[in-house]
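Here's the structure we're looking at; comments come further down.
The values are calculated or read from the model by the stated rules, or taken from the named source; none is laboratory data. On a predicted model such as this, the values are computed, not experimentally measured, just so you know. Positions of Cβ are generated from backbone atoms using ideal geometry, with glycine treated the same way; all protein chains shown enter the neighbour counts.
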Amino acid sequence: MKKIIIIIMLISLIKVNIKAQAVKWYSFEQAVELNKQRPKKIFIDIYTDWCGWCKTMERNTFSNLVIVRYLNKYYYPVKFNAETKDTIHFANYVFVNKENSRRSAHQLAVALLKGKMSYPSSVYMDENNQPITAIAGYLPPEKIEPILYFIENDYYKKNIKYENFLKNFHSKFSTQSK
């Protein structure tokens, strides 16, 4: 009986630890509201339910401990379904998905991606809720880490080209951190 109780306790601890090592996703509106109270950059994962690469990014990138910790500490991470039917209020606009057809894009996704609809896409916004950039496509942990760092540390404001930044970037990523 003692062994069973110990096993149950260990399983509970493992579940708590796994949950603690997950990205804390916010809705778009929650992130904007939190940004008013404590400014941070906003990271938006724009995905669709049918997108295979979106699922791969969720499984590989957003489960990597280095990425999880970085997103949770320095960003308000947002998971945004590009085909949602939700109404979103932002910057004195009302964004909706006007189409009733299958795979229709939400107006906010179209605005954030400037009409270049590609999934997954990663959108970065500054502390004033202004878009910085959008990057289309699947990003494995070792590719997204320097982008997160580059943007969070405002290198994009310092006229430093990303390619030059990469030459001196020292990754915290390792296969051991998965």
The residue from V68, V94 that alone is outside any strand (DSSP E or B) and either farther than 20 Å from A134 by Cβ or acidic (D, E) (or both) is V68
What about L139, is it surrounded by 17 or more Cβ atoms within 10 Å (Cβ to Cβ) and either β-branched (V, I, T) or outside any loop (DSSP other than H, G, I, E, B) (or both)?
-> no
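Okay, residues lined up against (1) surrounded by fewer than 17 Cβ atoms within 10 Å (Cβ to Cβ); (2) among the hydroxyl-bearing types (S, T, Y); (3) on the phi > 0 side of the Ramachandran plot:
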position: V96; (1), (2), (3): yes, no, no
position: G115; (1), (2), (3): yes, no, yes
position: S121; (1), (2), (3): no, yes, no
position: D154; (1), (2), (3): yes, no, yes
Filtering region 76-94 for residues that are in contact with a helix residue (DSSP H, G or I) (Cβ under 7 Å, 6 or more places away or on another chain) and surrounded by 16 or more Cβ atoms within 10 Å (Cβ to Cβ) leaves a count of 6
Out of K19, K3, K15, which single residue is loosely packed, with under 13 Cβ neighbours inside 10 Å, under 18 Å from the mean Cα position of the chain (by Cα) and either at pLDDT below 95 or part of a loop (DSSP other than H, G, I, E, B) (or both)?
-> K19
Under 30 Å from K172 (Cβ atoms) and either in contact with a helix residue (DSSP H, G or I) (Cβ under 7 Å, 6 or more places away or on another chain) or of a type in the set (D, E, K, R) (or both) - does that describe any residue in region 100-119?
-> yes
Single residue of region 98-113 satisfying the filter (closer than 14 Å to C51 by Cα and surrounded by 11 or more Cβ atoms within 10 Å (Cβ to Cβ)) that is modelled with the lowest pLDDT | R103
In region 92-126, how many residues are in contact (Cβ under 8 Å) with a residue 60 or more places away in the chain, hydroxyl-bearing (S, T, Y), over 9 Å from A82 (Cβ atoms) and out of contact with any Lys or Arg (no Cβ under 8 Å at 6 or more places or on another chain)?
-> 1
Determine whether region 128-151 contains at least one residue that is among the hydroxyl-bearing types (S, T, Y) and over 14 Å from the mean Cα position of the chain (by Cα).
-> no
Given (1) aliphatic (A, V, I, L, M); (2) surrounded by fewer than 16 Cβ atoms within 10 Å (Cβ to Cβ); (3) in contact with a Pro (Cβ under 9 Å, 6 or more places away or on another chain), index of the condition M125 fails = (2)
With respect to K158, is the statement that it is farther than 15 Å from F43 by Cβ, of a type in the set (K, R) and touching a residue at least 60 places away in the same chain (Cβ under 8 Å) true?
-> no
The listed residue being more than 30 Å from Q37 (Cβ to Cβ) and among the hydrophobic types (A, V, I, L, M, F, W, C), out of A136, A91, A111 = A136
Would you mind finding the one in A105, A111, A82 that is aliphatic (A, V, I, L, M) and within 23 Å of E152 (Cα to Cα)?
-> A111
